[in-house]
Ligand code: TK8
């Protein structure tokens, strides 16, 4: 019996060695539809590709990610519903469009919350970011990582925004999110919520005068073709979040879940580097494309902040005073370092 047992073990070991590590894991063939809103040729598209490759590699080719961009599976909110219902496996999109499902996500909509990416990374990747992400589970979604969309800036086809009053009456597309809607109304703009997938043509047909997004997106979505003025406001830091359908996630083995978690983190690290490198070049690129660029003076940013104290109070109520205070304390500690 001893001999037979060791023979069986030896055979098993040989099979394992031959078929690689993935075979030792509990991994089944899986097709994963991973939807996103921007073009393939964008920071979002490049990182989706990195995610797909990492999953394929770690699963020994068994798990295959079909990255589908340009909102071909629908805008953010539609994909979120498809994930909740189990009709789609994964997506990456704005946290701002998730607020209807998980109100705590409104924390990230707070105007001027983060001063720089160091603060954003520390809070998003730390206990506060995790706490907010964990709220998704009860709503049928699993969050894996925050990617960087980035600091948002204003573009429009009417005039440069150099002072608060310049926003007056500008018909500005905002994300489908009440904080954004209220903020820009408060600042005097005529804010219109629209899905991102409808934005280019809304700008082109002058249905709206302007929009706000990070430099990277203004570049990759070719908004420079239909917008004259770019005003550097950095009015809010916008995260993206990698989401999984909980219905589907719960059917996965621990090994399969680990493949996705690891790949989400690896793609996050790639994405932030890539986004920051592109962002650093983007202003020059946009200038070369013919955009007229101006910086919002700090004094005007301060005036905007003052106008938004009511909005901030509303966010604190929405997300809960505990979470709000914990975030302010964490930022205070980071700023002392
Ligand atoms: C892409 C959007 C986009 C966001 C927006 O689907 O809607 O303006 O910034 O990145 O999530």
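The values are calculated or read from the model by the stated rules, or taken from the named source; none is laboratory data. Predicted model, so just to flag it, every value in this text is computed and none were measured. Positions of Cβ are backbone-derived with ideal geometry, glycine not excepted, and every protein chain shown enters the neighbour counts.
Before moving on, here are some points about what is shown:
- Qualifying residue in the range 287-296 (condition: in a helix (DSSP H, G or I), touching a helix residue (DSSP H, G or I) at 6+ places or on another chain (Cβ under 9 Å) and surrounded by fewer than 16 Cβ atoms within 10 Å (Cβ to Cβ)): no
- Odd one out for residue 125, checked against (1) within 22 Å of residue 34 (Cβ to Cβ); (2) in contact (Cβ under 8 Å) with a residue 24 or more places away in the chain: (2)
- The set of residues in the range 229-286 that are under 22 Å from residue 92 (Cα atoms) and part of a strand (DSSP E or B) comprises 237, 238, 239, 240, 241, 242, 243, 244, 245.
- The residues of the range 63-73 that are more than 10 Å from the ligand (Cβ to nearest atom) and touching a helix residue (DSSP H, G or I) at 6+ places or on another chain (Cβ under 7 Å), listed by number, are 63, 64, 65, 67, 73.
- Number of positions in the range 205-220 that are within 13 Å of the ligand (Cβ to nearest atom) and at positive phi: 0
Table: residues versus (1) without any contact (Cβ under 8 Å) to a residue 24 or more places away in the chain; (2) surrounded by fewer than 18 Cβ atoms within 10 Å (Cβ to Cβ).
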{"site": "224", "(1), (2)": "no, no"}
{"site": "237", "(1), (2)": "no, no"}
{"site": "242", "(1), (2)": "no, no"}
{"site": "250", "(1), (2)": "yes, yes"}
{"site": "265", "(1), (2)": "no, yes"}
{"site": "269", "(1), (2)": "yes, yes"}
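- Test: residue 162 is away from the ligand (no atom under 12 Å from the Cβ), part of a loop (DSSP other than H, G, I, E, B) and closer than 19 Å to residue 296 by Cβ: yes
- Count of the range 174-204 residues, restricted to those that are within 16 Å of the ligand (Cβ to nearest atom), within 21 Å of residue 310 (Cα to Cα) and not in a loop (DSSP other than H, G, I, E, B), is 10.
- Residue match in the range 25-45 (condition: within 15 Å of the chain's Cα centre (by Cα) and part of a strand (DSSP E or B)): yes
- Selection from the range 28-44 of residues that are in contact (Cβ under 8 Å) with a residue 40 or more places away in the chain and surrounded by 15 or more Cβ atoms within 10 Å (Cβ to Cβ): 30, 32, 33, 34, 35, 36, 37, 38, 39, 42, 43, 44
- Subset of the range 141-159 (residues that are under 27 Å from residue 43 (Cα atoms), more than 16 Å from the ligand (Cβ to nearest atom) and touching a helix residue (DSSP H, G or I) at 6+ places or on another chain (Cβ under 7 Å)): 142, 144
- No other residue among 97, 77 is surrounded by fewer than 20 Cβ atoms within 10 Å (Cβ to Cβ), within 14 Å of the ligand (Cβ to nearest atom), touching a residue at least 60 places away in the same chain (Cβ under 8 Å) and outside any loop (DSSP other than H, G, I, E, B) apart from 77.
- For residue 25, the conditions (1) touching a helix residue (DSSP H, G or I) at 6+ places or on another chain (Cβ under 8 Å); (2) at pLDDT 95 or above all hold with the exception of (2).
- Filtered by the rule that a residue be more than 16 Å from the chain's Cα centre (by Cα), farther than 17 Å from residue 320 by Cα and part of a helix (DSSP H, G or I), the range 123-137 gives a lone residue, 137.
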